[in-house]
1. Rank-order 250-256, 324-330 by packing density, defined as the average count of other C-beta atoms within 10 Å over each peptide's residues, highest first.
2. Restrict the search to the stretch 48-152; then list the chymotrypsin sites (Phe, Trp or Tyr not before Pro) that DSSP places in a loop and that have at most 15 other Cβ atoms within 10 Å of their Cβ.
3. In whole Å, how far is the Cα centre of the stretch 369-408 from that of the stretch 22-83?
4. What net charge is computed for the residues neighbouring Ala105, neighbours being all others with C-beta under 11 Å from the C-beta of Ala105, Lys and Arg scored +1, Asp and Glu -1?
5. Pro403: net charge of surrounding residues, Cβ under 14 Å, Lys/Arg +1, Asp/Glu -1, itself excluded?
6. Which pairs, out of Lys156/Lys215; Lys114/Lys466; Lys252/Lys354; Lys156/Lys252; Lys237/Lys354, put more than 32 Å between their alpha-carbon atoms?
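Just so it is clear, none of the values below were taken in a lab; they were calculated from the coordinates. Predicted model, so just to flag it, every value in this text is computed and none were measured. Counting neighbours? That spans all protein chains shown, and the Cβs are built from the backbone with ideal geometry, glycine included.
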Amino acid sequence: MSAAAHVKAASFKVAPSKLALAGEALVARGGLVLLATTLLVFLAVPLVMILIRSAEDRDGAWVGLANFVAYLNSPSVGNSLTNTLQFALMTTLVTVPLAFVFAFAIQRSRIPYKGLWRNVAMIPILAPSLLAAISFIYLFGNQGWLKFVIEWFGIKTIYGMPGMVLAMTFSSFPHALMILLAALALSDARLYEVAEALGTSERRKFMTITLPGAKYGLVSACMVVFTMAVSEFGIPKIIGGNTQVLAVDIYKQVIGQQNFQIGAVVSLLLLLPAVVAYGIDHLVQRRAQALLTARSVPYQPRRARLRDGLLLAFVVLVSAALLLVVGMAAYGSLVKVWPYNLSLTLNHYTYGFKEAGLEHAYWNSLSLGVWCALLGSAITFTGAYWLEKTRRDQTEGLNFLRPAIRFQAMLPMAIPGMVLGIGYILFFNHPANPLNFLYGTMTVLVLSTVMHFYSSSHLTAVTALKQIDGEFESVSASLKVPFYKTFWRVTVPVCLPSILDIFRYYFVNAMTTISCVVFLYSPKTTPASVSILQLDEAGAIGSAAAMATLIVVTAAVVTGVIFTLEWWLVRRTQAWRNTAQS
């Protein structure tokens with residue numbers, strides 16, 4: 001063969017490799033641009049629209065800070081702001097200590113059936129916050145079974161701040177608990193051994209070792225609960241009585257008066273406490289230090305009858321209270337006419353929804369949950385992959401997008417759902433917006449919900465991807481293996497548990513959320529969570545309890561199915577995780 005023929009043959013062999021590399025670079029660049037554009041259009045721009053609208057009058061003319069001055073000078077704004085902060089602070093002061101003791105019992109004692117208590121404590125995640133408000137009305141309302149209990153404490157009525165705090169404590173408890181379980185999961189046993197050798201009392205060990213070790217988790221739990229309470233809308237609307245908060249003010253301005261510019265002003269005011277709380281948490285976490293080093297000895301709690309007995313009693317009491325709240329709502333949905341006719345019936349499930357014209361609400365929520373889980377999981381995981389696993393040389397010239405994407409991915413964590421919902425109204429309902437056709441459709445509900453819960457899912461995906469060594473991609477590239485094969489055969493199987501967690505997270509939250517979608521639905525796309533609010537306003541509290549119970553049961557069943565599917569898939573596709581030698 002001639003020299004020219006050898007050169008041609010060599011060129012023929014090399015060309016496909018260059019073409020493949022160019023294709024991978026094109027996909028990497030395109031993916032990065034697509035992710036940045038998606039977050040810009042469906043997250044950042046709606047928030048900018050709130051800022052613009054807050055400085056305009058009804059006709060769209062620029063008025064500067066006039067709307068802020070008008071709202072702040074109104075007689076009710078002081079009460080709303082004070083009540084909002086009081087509600088958030090009281091909820092935090094009640095929820096975090098309860099969650100800390102519960103987490104301490106799980107992680108630092110020898111109580112039995114820890115798995116059972118942990119699962120019971122997670123039940124409120126499956127329920128819309130409105131369920132707790134309805135249940136407390138059944139329990140402690142004017143005709144409640146246990147009204148005498150709150151009267152013992154000098155509380156005249158459950159409507160108002162007492163009911164709001166109780167219901168919000170139920171809803172936020174598992175969120176605080178998850179953080180504190182992680183904070184108390186690890187500790188260095190050597191610290192406790194030294195303390196015992198020095199004759200340190202249990203109380204002093206708790207104050208000087210346990211509590212300081214969990215301080216960062218405590219701060220995070222406080223900030224999460226505080227932010228949830230500040231942005232909560234459904235609970236104050238149902239059980240708040242005449243207690244006005246900022247979230248309800250937004251609803252009245254937008255839905256009741258169509259006053260979008262004042263609604264935008266209140267949205268920005270509502271955003272401030274959440275941003276401050278997120279900022280504090282971010283600063284504190286930057287100072288966090290590892291509690292377990294290479295030389296540490298993991299702490300294992302010893303048996304202590306008195307301590308374990310008291311903690312077990314506390315855990316049983318809290319678990320019983322959580323189950324009582326859910327059970328009371330379920331029972332109320334089966335009672336014919338509360339409290340006059342306590343015979344059981346399914347009328348609230350069969351006729352109640354039809355009479356209110358909400359028979360399709362449950363199926364709308366089911367559709368919303370499935371689409372959010374599918375689309376949200378795909379966008380979140382592939383977006384995190386493009387961000388974390390593509391090489392910087394592949395995206396040369398576009399690497400400036402990476403910090404912008406990371407910043408936008410964290411934005412939803414500090415943005416209340418109602419604020420994002422207002423932004424979607426102002427953006428998608430604008431006649432000049434080419435995406436105006438999406439307003440009032442199921443698509444806009446799906447997009448808003450995915451963006452609302454994007455931060456936690458993004459962090460889950462990034463954490464899973466960072467556990468995979470970058471050498472997988474390097475070796476694949478050196479062996480001329482296309483990136484999509486590595487992604488499908490290595491990345492996805494390894495991250496499968498996290499992907500399923502993201503899927504479950506989106507589905508459950510789509511079924512239970514109300515704050516983000518309360519402004520965006522149409523009569524044909526009314527979700528079940530919003531229908532609870534409408535049924536309560538119509539006086540059909542039995543049907544409202546029935547819809548809330550349906551949401552809990554559905555979320556529980558889907559969660560169980562996903563856990564079972566995860567167990568089966570991991571056993572079939574990830575035998576390498578089992579390090580036991582046969």
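1. Values: 250-256: 18.7, 324-330: 20.3.
Sorting 250-256, 324-330 by mean packing, highest first, produces 324-330, 250-256.
2. Sparse-neighbourhood loop chymotrypsin sites (Phe, Trp or Tyr not before Pro): Tyr113, Trp145.
3. 22
4. With Lys, Arg at +1 and Asp, Glu at -1, the net is +4.
5. Combined, the nearby Lys, Arg, Asp and Glu give +2.
6. Values: Lys156/Lys215 37 Å; Lys114/Lys466 30 Å; Lys252/Lys354 27 Å; Lys156/Lys252 27 Å; Lys237/Lys354 23 Å.
Flagged as over cut-off: Lys156/Lys215.
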